[in-house]
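Take a look at the structure set out below.
The values are calculated or read from the model by the stated rules, or taken from the named source; none is laboratory data. Keep in mind that this is a model prediction, so the values were computed, not measured. Note: ideal-geometry Cβ built from the backbone for every residue, glycine included; neighbour counts use all protein chains shown.
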Amino acid sequence: MSPFQRQRVLLIVVVALALMWLDSHKSWLQPVRYFTGYLLAPAQQTALIPGAIGDWFSESSTTRHQLLAENKQLSARNLVLELRAQRLASLEAENIELRELLSASEQVDDRVLVTSVIAVDPDPFSQQILINKGGEDGVFIGQPVLDAYGLLGQVIDVMPYSARVLMIADSNHAIPVQVNRNGVRAIAVGTGSLDELELIYVPNTADIIKGDLLVSSGLGGRYPRGYPVGIVTKVENVPGKSFAVVTAEPSAHLDRSRHLLLVFSQGAAKVPPADIWKGQ
């Protein structure tokens, strides 16, 4: 460094020290310092920009992670609430079914026992179900089974704590019925389809019309009289044939009823549970 440069630096240092002394001991430089702030403000703001940008990126990253975490929590909570809503809907439907079943049991003169379906026969050609009441509950072979809407079937096999029920839609099932409107008798057999029964040996001249209610006649000795069996859906007289083609839709909800009634009829023929295991 040249002597001239050293002198300039020394002069600047002396002036700076003098101004610092005057600023600390005198107040007349306060206005000068204040207005100098206008000149320094742009430089100060520019110097703060990198730090502000860094803070913004850091805050944005943190906010994004928080939003993602909150979104996951809300999604999980929403899933739980949806599952609860579905469960509540299922419970509501079950309560409705139980109320309808209670209403139906009040209309049955015989003693009844509430039972539930625990299994369905997977064979598409067999319409059978398994219920959670058995010989220990007094269930017997041939016992009528109803749901809240009508006759569903009969017990065909009894175990100590469960029983197998043959539904009226099974192709091996038949039940004597009569038209509730006028008493015309017929035999309703299952077709293997849960939504259709067939009336066999119905003369072309029989007074049966679409919409007639079919009820159990009680003539078979198995089912009590007067329980709803189905509604006539078709009556067709085929030329050249002696019998009409008559179909009906079961009154019972064979494909969805879960809670059922076991009927203990006064006149029903019972096979004692103890004798079942003896093969009698």
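Here is how the numbers come out for the structure above:
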| item | result |
| --- | --- |
| Single unsatisfied condition, residue 192 versus (1) in contact (Cβ under 8 Å) with a residue 60 or more places away in the chain; (2) of a type in the set (Gly, Ala, Ser); (3) buried (at least 16 other Cβ atoms within 10 Å of the Cβ) | (3) |
| Some residue of segment 132-147 being at pLDDT below 95, surrounded by 16 or more Cβ atoms within 10 Å (Cβ to Cβ) and of a type in the set (Lys, Arg) | yes |
| Single condition residue 170 does not satisfy, out of (1) part of a strand (DSSP E or B); (2) crowded, with 20+ Cβ neighbours inside 10 Å; (3) at pLDDT 95 or above | (1) |
| Of the criteria (1) at pLDDT 65 or above; (2) more than 20 Å from the chain's Cα centre (by Cα); (3) under 25 Å from residue 195 (Cβ atoms); (4) among the β-branched types (Val, Ile, Thr), which one residue 108 fails | (1) |
| Test: residue 197 is in the same structural domain as residue 229 (by TED's automatic domain parsing), touching a strand residue (DSSP E or B) at 6+ places or on another chain (Cβ under 6 Å) and under 15 Å from residue 222 (Cα atoms) | no |
| Condition met for residue 149 (hydroxyl-bearing (Ser, Thr, Tyr) and closer than 22 Å to residue 217 by Cβ) | yes |
| Selection within segment 122-143 - hydrophobic (A, V, I, L, M, F, W, C) and closer than 16 Å to residue 253 by Cα | 129, 130, 131 |
| Hits in segment 115-154 (condition: within 20 Å of residue 225 (Cα to Cα), of a type in the set (Val, Ile, Thr) and under 29 Å from the mean Cα position of the chain (by Cα)) | 145 |
